[in-house]
Amino acid sequence: MAPGDPAGFEVRLGMLVTDPATRILRVNQAFTEITGFTAEDVVGQTPHFLQSGNYEKSFYAALWAAIKQKGSWEGELWGKRKNGETHPRWVSITAVKDEQGTLTNYVASFLDLEERRYAEELINRLAFTDQLTGLPNRRLLIDRLRQAEVANARTGNYGAVILLDLDNFKSLNDTQGHAAGDCLLQQVGQRLVARVRESDTVARLGGDEFVVMLPALEAKTLEEVAWDVETLGRNLLADLAQPYALPGGTFSCQASLGVTLFTGAGLAIEDLLRQAEMAMYQSKSAGKSRLTFFDPDMERAVINHAQMSRDLLLALHHGQFELFFQPQVAGDSGRILGAEALVRWRHPQRGLVSPGEFIPQIESSGLILPVGQWVLETACEHLARWGTHPEMAHLTLAVNVSARQFQAPDFARLVETALTRSGADPRRLKLELTESAFAQDPENIIGVMGQIRTLGVRFALDDFGTGYSSLSYLCRLPLNQLKIDRSFVSQIESGDNNVVICAATISLAHSLKLRVVAEGVETDAQQYFLSAVHRCDLLQGYLYSPPLPLPAFEALFLDKSPATGGNRPGFLSPRPGR
Ligand code: C2E
Ligand code: CA
Ligand code: CA
């Protein structure tokens, strides 16, 4: 049997007829098209000229023996064209006999396998692969996912779908042009393929969205499977974060990953992909270059997300943002030396919403720029006003700044304008940024910090210890202060490594001439360890005060009101019961 014809594609069938002595009597048009030989070239000859020279004499002997014995032969046979090229053909040769059983003719038919394969390949390529990267497309991915589900139903294995989306592809495309964008996508595809096993599928869904599909993670527990996939995901993130060489120069780019696992338990394939996509969006809003697993709660979160985006935009226009102030006190004397400004959203229905719930969202939507600007300007106005009160003139005010704000091209100028407009003393303003701000384009960030430093503004490194703190880095940053992350402080009493980390951070910072703030101080024991034993400069936390609305904060200095809780104005002592 000849292989079946590819659907919808017309295949040429070459034919030739010989007499019993194998001299050619006739050939058809397809024969000429395939071999290049015309009827005039070949009639009267034996078909030796069609032989490729690839086979031993014994091969042809066996072929003819089969025809003599069974009346026919069929198989793949390399042949030669008139121009000397050899190519594979599917040949069938039949001996034709008359009623008396006398041999009258041989009829040979053949398909050009190269043409067939080419046609099949072309059809496959168009239908199932992405033209730009040569990777499987969405259709082929869905096909393979379906197969994997069927197989896993039998074996009980888990499979995984990892959806990847590049974080700043659009900006590359906009600034460097589509050729650079295409080149990036091709390199991304290559890196993904290089990382996974051959049995895995790397597909491009379109745009800057890719999928890595692991069909079967051998029968293990869910936790082990999740761990394996997470490890692979981290490796993929690291691979993709390496710089890319593009026509316009090198480019750095990160990705957000969303993961969902599947067994044979028949979830529609489109739903699987949608799950991975939701998880991926979760990664994006959580700060990029991340990996998130899908779980059903996420679905609800996504719906709320859209509603919240609208509400947040309105919040800015309706003045629903508010600053709270958390005192920072000298650990030894209890004197309030400054405060951290922490934004709140006064939602008309939900009441006070904490920044943990909306900062990640406004960061990913870009709304952080106007909101951050509002925070900065408002903070400067308060600072300027405090400067006119002798009781408060010494205060510094720390303002949290997102990486996104720092990356805005005119950030240094915005800071300068906020200061000059308000008349605040630049030396009293402190900008807090986290280590993650340096993950992307650190040289640029350091440059911007330098510009802002010349205005007199100071910098604190927030959440120290939670990011990729590297010592060599720390020395290069124009910092004035380190903030030990709450997670270390809260573990002081448990007595493990965190104690060592806190102590080492304080002495490291002091050796670099940096001041140290411990945040999240809640107990007397923490206060004693940090301040009395290790000479931490400033303490901030519920032990002294939660973040306060402006009037309550100012009352700590200016008022004889009950809000001071019996403290001397401008001082705080640990609150009883802590
Ligand atoms: P952060 O900068 O690390 O701020 C400290 C957080 O710890 C604040 O949460 C504060 O209320 C909380 N905290 C203070 N003392 C204690 C304590 O003793 N125990 C415990 N458990 N927590 C304490 P908050 O106000 O919810 O802010 C959360 C995060 O939101 C901040 O973390 C900061 O990263 C971000 N954020 C707040 N305001 C702004 C802002 O204006 N701009 C930007 N970009 N981010 C902001
Ligand atoms: Ca902070
Ligand atoms: Ca912090």
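Couple of notes before you dig in:
- For the stretch 9-109, the set of GluC sites (Glu not before Pro) satisfying both a DSSP loop assignment and a count of at most 15 other C-beta atoms within 10 Å is given as E10, E56, E85, E99.
- Top positive-direction residue, dipole computed over the stretch 132-306 with Cβ charges, set A216, I269, Q176: Q176
- S289 long-range amide H proximity, modeled H, under 5 Å: A255, S256
- Which of F110, F557 has the fewest Cβ neighbours within 10 Å, and the rest in rising order: F557, F110
- Global dimensions of the stretch 319-564 from alpha-carbon coordinates: Rg and Dmax equal 17.5, 49 Å.
- Helical contribution to [θ] at 222 nm, DSSP H n ≥ 4, -39,500 (n - 2.57), averaged over the chain, rounded to 500: -13000 deg cm²/dmol
- When only the Cβ of Lys, Arg, Asp and Glu is charged (+1, +1, -1, -1), the dipole of the stretch 319-564 relative to its Cα centre reaches about 540 debye.
- With Cα atoms defining each centre, the stretch 524-542 and the stretch 87-101 are spaced 97 Å apart in the structure.
- Charge dipole of the stretch 6-118 (Cα centre as origin; +1 on each Lys and Arg Cβ, -1 on each Asp and Glu Cβ, all else neutral): 220 debye, rounded to the nearest 20.
- Where chymotrypsin sites (Phe, Trp or Tyr not before Pro) fall in DSSP loop in the stretch 438-518, at most 16 other Cβ within 10 Å: Y468
- Virtual paramagnetic centre 7 Å along Cα→Cβ of Q451, amide N under 12 Å, in the stretch 377-417: 406-417
- Eigenvalues of the alpha-carbon gyration tensor of the stretch 313-429, scaled by 5 and square-rooted, set the equivalent ellipsoid semi-axes at 25, 18, 13 angstrom, largest first.
- Selection from A424, H48, G79, by position along the positive dipole direction of the chain (Cβ): A424
- Angle in degrees between helix 138-155 and the longest Cα principal axis of the chain, rounded to the nearest 10: 90 degrees
- Order of C536, C380 - criterion: other Cβ atoms within 10 Å of each residue's Cβ, fewest first: C380, C536
- Once the Cα gyration tensor of the stretch 6-118 is diagonalised, semi-axes √(5λ) in Å: 22, 16, 15
- Counting every C-alpha pair in the chain, the share spaced more than 42 angstrom apart comes to 46%.
- Dipole in debye (nearest 20) - the chain, about Cα centre, beta carbon charges: Lys, Arg +1; Asp, Glu -1: 880 debye
- Once C-alpha pairs closer than 8 Å and six or more residues apart are averaged by separation and normalised to the residue number of the chain, the relative contact order reads 8 percent.
- Nearest 10 degrees, 0 to 90: helix 296-317 Cα axis against the chain principal axis: 50 degrees
- Compared with the dominant principal axis of the Cα atoms in the chain, helix 355-365 is inclined by about 50°.
- Annotation for the stretch 175-276: trypsin sites (Lys or Arg not before Pro) lying in DSSP loop with at most 12 further Cβ atoms inside 10 Å of their Cβ are R197.
- Here the Karplus curve 6.51 cos²θ - 1.76 cosθ + 1.60, taken at θ = phi - 60°, turns the phi angles of the stretch 409-422 into couplings of x, 10, 4, 4, 5, 4, 5, 4, 5, 4, 5, 5, 4, 7 Hz, with x standing for Gly and Pro.
- In the chain, a dipole from Cβ-located charges (positive for Lys and Arg, negative for Asp and Glu) runs towards its positive end, and of G356, M278, C380 it is C380 whose Cα lies farthest in that direction.
- Neighbours of G249, meaning other residues whose beta-carbon lies under 15 angstrom from its beta-carbon, give a summed charge of -2 when Lys and Arg score +1 and Asp and Glu score -1.
Rule-based calculations on the coordinates, nothing more; no lab input. Fair warning: this is a prediction, and the values are worked out from it, not measured in the lab. Positions of Cβ are generated from backbone atoms using ideal geometry, with glycine treated the same way; all protein chains shown enter the neighbour counts.
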